[in-house]
1. Since Gly180 meets every condition but one in (1) at positive phi; (2) touching a Gly at 6+ places or on another chain (Cβ under 6 Å), which condition does it not meet?
2. If you go through the stretch 276-287 one residue at a time, do you hit one that is in contact with a His (Cβ under 8 Å, 6 or more places away or on another chain) and either open to solvent by less than 30 Å² (accessible area, probe 1.4 Å) or modelled with pLDDT of 90 or more (or both)?
3. Assess whether Asn90 counts as being in contact (Cβ under 8 Å) with a residue 40 or more places away in the chain and either open to solvent by 30 Å² or more (accessible area, probe 1.4 Å) or outside any loop (DSSP other than H, G, I, E, B) (or both).
4. Residue under question is Ile273, and the condition is that it be modelled with pLDDT of 90 or more and either surrounded by fewer than 16 Cβ atoms within 10 Å (Cβ to Cβ) or closer than 19 Å to Asn203 by Cβ (or both); does it hold?
5. Restricting to the stretch 121-154, name every residue that is assigned to a loop (DSSP other than H, G, I, E, B), among the charged types (D, E, K, R) and surrounded by 12 or more Cβ atoms within 10 Å (Cβ to Cβ).
6. Could you go through the stretch 307-314 and let me know if any residue there is more than 24 Å from Lys372 (Cβ to Cβ), modelled with pLDDT under 80 and out of contact with any Pro (no Cβ under 8 Å at 6 or more places or on another chain).
7. For residues that are part of a strand (DSSP E or B) and either open to solvent by 20 Å² or more (accessible area, probe 1.4 Å) or in contact (Cβ under 8 Å) with a residue 60 or more places away in the chain (or both), tally how many sit in the stretch 43-60.
8. Which residues, taken from the stretch 108-120, are of a type in the set (S, T, N, Q) and either surrounded by fewer than 21 Cβ atoms within 10 Å (Cβ to Cβ) or in a strand (DSSP E or B) (or both)?
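The values are calculated or read from the model by the stated rules, or taken from the named source; none is laboratory data. On a predicted model such as this, the values are computed, not experimentally measured, just so you know. Positions of Cβ are backbone-derived with ideal geometry, glycine not excepted, and every protein chain shown enters the neighbour counts. Note: accessible area is taken over every heavy atom of the protein model, side chains too, but ligands, DNA and RNA are not part of it. Shrake-Rupley method; radii C 1.70, N 1.55, O 1.52, S 1.80 Å.
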Amino acid sequence: MIMKKRSFLLLFLILFAFHGKSQVSVVSIQLQPYNITPDALLSAAIMNGGIEHNVSMVSKLYNFNGELLLSVKSSEFLLKTGLNPSVDLNRKIAAAEYGSDNQSSYIRTTHGLPSGAFRVCIDIIDAQTGEPQDQFCDELESEFNQFLYLVFPADKDTIDSKTPLLLWSHSEPFSVLTQGEYYRMVVSEIKERQGAEEAVGINSPSMQKNYLTVHSLQYPFDAKELEEGKHYAWQVQKLANGVITNKTEAWEFIVRKKPEEVELKYVALKQTIDANFYTAYNGKIYFKFSEEYNSQGGVAAIITADDGKQFQVAISKDEKKPAGENTLNAKVMGDNRFILDLDKEKIKPGFYTMQIRNEKKEIYYLKFYLPK
């Protein structure tokens with residue numbers, strides 16, 4: 001009878017000890033994106049509901065593609081009954097191994113995570129039997145080093161070019177992007193009563209450029225042409241497997257509407273030549289010439305080309321009444337207005353100077369340009 005009681009007690013103790021060792025669970029891990037080191041990967045809080053015993057820990061860090069970035073194994077340490085805090089000086093590193101990709105190199109050099117989603121998994125292993133006692137995994141989102149912003153054109157800026165140079169920047173090297181991650185730029189027209197953020201989010205893009213690898217982009221000639229006077233929103237986004245994980249603010253720019261080319265009627269002649277010139281948009285020059293008194297005589301008009309060649313031209317008093325050849329119409333006292341038809345005179349595009357001499361032998365000039 002005594003032997004039976006002793007056997008039962010021994011069986012109970014064995015079962016209790018086995019059951020006690022199985023009551024191990026990882027509660028949490030205090031892992032910060034700005035402090036990714038082998039020591040940090042061992043900073044897990046562990047609950048032990050059984051008796052004290054020796055264990056080891058294996059902690060692994062993965063990116064969102066499941067690629068192993070860092071693996072750390074601890075030496076054996078005593079797991080006490082109750083809560084074992086994350087800071088445990090008894091945990092020593094037995095081995096640490098980084099991956100061979102760019103993200104692993106970045107973590108090894110900076111001790112920080114690039115932006116993105118990561119996963120850490122911890123295995124607690126019984127030191128005596130080698131059996132796993134608990135496995136714990138947790139997701140980790142990193143925005144620690146994720147500075148992403150637009151540079152030029154500034155928000156609400158007005159630009160003159162329909163193919164502007166768009167500048168942006170971010171704080172990480174492009175090399176830390178993993179498979180499925182990339183940056184893209186979006187330009188969308190802003191409709192009436194829309195803000196820039198809404199325009200980028202719901203309107204069809206005028207331009208969308210994926211897989212950016214530099215911080216500058218000349219608006220492509222093969223994209224939808226930007227129109228004068230219209231407002232556009234632009235934004236740079238970071239994507240992972242087609243999902244936006246980060247983005248800049250949406251900024252707005254306006255393409256300046258150029259003023260209509262309006263003919264300057266009627267330009268006044270000057271007694272000196274300066275840097276100003278009259279542009280004859282439609283091949284005609286309209287000018288005014290004032291006289292202090294009545295005169296029935298005509299005056300000659302001479303045109304000088306840039307190469308020095310001179311010739312006289314036919315000028316009319318107004319558009320309805322052409323003048324005699326090579327002379328101005330008779331002037332009347334006050335403001336006299338004239339028109340010179342350059343096409344009729346077969347004058348080629350370029351810069352010219354016209355001079356007119358009145359009856360007092362005073363010379364008046366008009367510098368003009370005939371575009372192609």
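1. (2)
2. Checked against the condition, which is being in contact with a His (Cβ under 8 Å, 6 or more places away or on another chain) and either open to solvent by less than 30 Å² (accessible area, probe 1.4 Å) or modelled with pLDDT of 90 or more (or both), the stretch 276-287 yields no hits at all.
3. So Asn90 fails the test.
4. Criteria not met by Ile273.
5. Matches in the stretch 121-154: Glu143 only.
6. Within the stretch 307-314, none of the residues are more than 24 Å from Lys372 (Cβ to Cβ), modelled with pLDDT under 80 and out of contact with any Pro (no Cβ under 8 Å at 6 or more places or on another chain).
7. The qualifying residues number 11.
8. Hits for the stretch 108-120 are Thr109, Thr110.
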